[in-house]
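In what follows, a single structure is set out as structure tokens and then discussed.
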Amino acid sequence: MNRKEFLRKGLLSAGAVAAGGAVVSNNIDELKPIGKAVGFNHIPNTNSNIMANTVLHKANTRGRASHGWLESYHTFSFANYHNPERMHFGVLRVLNDDTVQAGMGFGTHPHDNMEIISIPLEGDLEHRDSMGNTAVIRRGDVQVMSAGAGITHSEYNKNKDQLVKFLQIWVFPNARNVTPRYDQITLDPAARHNRLQQILSPDPNDEGVWIHQNAWFHLGDFDPGQTARYDIRRSGNGVYAFVLSGNATINGQPLEARDGLGVWDTDHLDIQADSRTELLLMDVPMSL
């Protein structure tokens, strides 16, 4: 996929969001139609470093929203952060790195036709939704919500004395208007020590949670000097690697904490941990 095609698909993705109606009412976790998505939060737009078959997003070039109770960094265009070179990576539409103050959170708001994955990094996040689910997710858990035909939910920091930090990830589904669904699992952190642990797939019978998309997510926790090879799970997919902590080199590209690297038109990734490193790999279709 060349640079123009990558950008073209990014612009098309914004239209798909607008058509899907996934607009929330609190002006915080909102995807706006392309015609209304202007401005930025606190930092100017920065160009992506797009190479032959990779795109590099350094941590300090992400969009930033600071609402007092919420500090959020946006890898891709979101709410008031709009960058036409950062609309999505294939079907991966949102990658938000959120910190919520004690006792605060997102009020009840709607979604539809989106697969929403939450990965807690610190603290306790309480979820409530219109299907009657009430749950708390913590570090080591993975939560998935298929918004499908329509759902409302809220998310709050359950604790009054500590922060909650989590990744909020949105993926375009491959089936529209499905019956809404909620699920969460608790993972064994030891299963990702110096290896890649699958946490999400398209198969309900496979390891991890599942979504309505041909996507596979893996977490890894590597000691310094450890290496790994990741084989792309499906022809036509690309992989977006996000470094949670530490330093790694992926396919020859040095990465630091909170850097993101998208790679396509390849069949594998070569990973080396340059320090104690945690990372998330998101293997997703490149076509919407």
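Cα centroid separation, the range 52-99 to the range 161-214: 20 Å. For the range 189-285, the relative contact order works out to 32 percent when only alpha carbon pairs closer than 8 Å and six or more residues apart are counted.
Across the range 81-96, computed HN-Hα scalar couplings (Karplus, 6.51 cos²θ - 1.76 cosθ + 1.60, θ = phi - 60°) run 8, 10, 9, x, 8, 9, 8, 4, 10, x, 7, 7, 9, 9, 9, 9 Hz from first to last residue, x flagging Gly and Pro. Taken one residue at a time, the phi angles of the range 260-269 give Karplus couplings (6.51, -1.76, 1.60, θ = phi - 60°) of x, 9, x, 10, 9, 6, 8, 10, 7, 10 Hz. Gly and Pro are set to x. For chymotrypsin sites (Phe, Trp or Tyr not before Pro), no site in the range 192-288 is both called loop by DSSP and has at most 15 other Cβ atoms within 10 Å.
Rg/Rh for the range 189-285 (Cα atoms only, Rh after Kirkwood) is 0.95.
Here the extension length gained between ALA190 and MET104 equals 27.8 nm, from 0.36 nm per residue of separation less the Cα-Cα distance. Taking every DSSP beta bridge that has both ends in the range 189-285, the antiparallel portion is near 90%. Ranking THR227, GLY252, TRP216 by Cα position along the charge dipole of the range 177-288, where only Lys, Arg, Asp and Glu carry charges on their C-beta atoms, puts TRP216 farthest toward the positive end.
The protection proxy used here, the mean number of other Cβ atoms lying within 10 Å of each residue, ranks peptides 113-120, 132-139, 56-63 as follows, highest first: 113-120, 56-63, 132-139.
Values in this text are rule-based calculations from the coordinates and carry no lab data. Everything numeric in this text was worked out from a predicted model, so none of it was measured. Here Cβ is always computed from backbone atoms with ideal geometry, including for glycine, and neighbour counts include all displayed protein chains.
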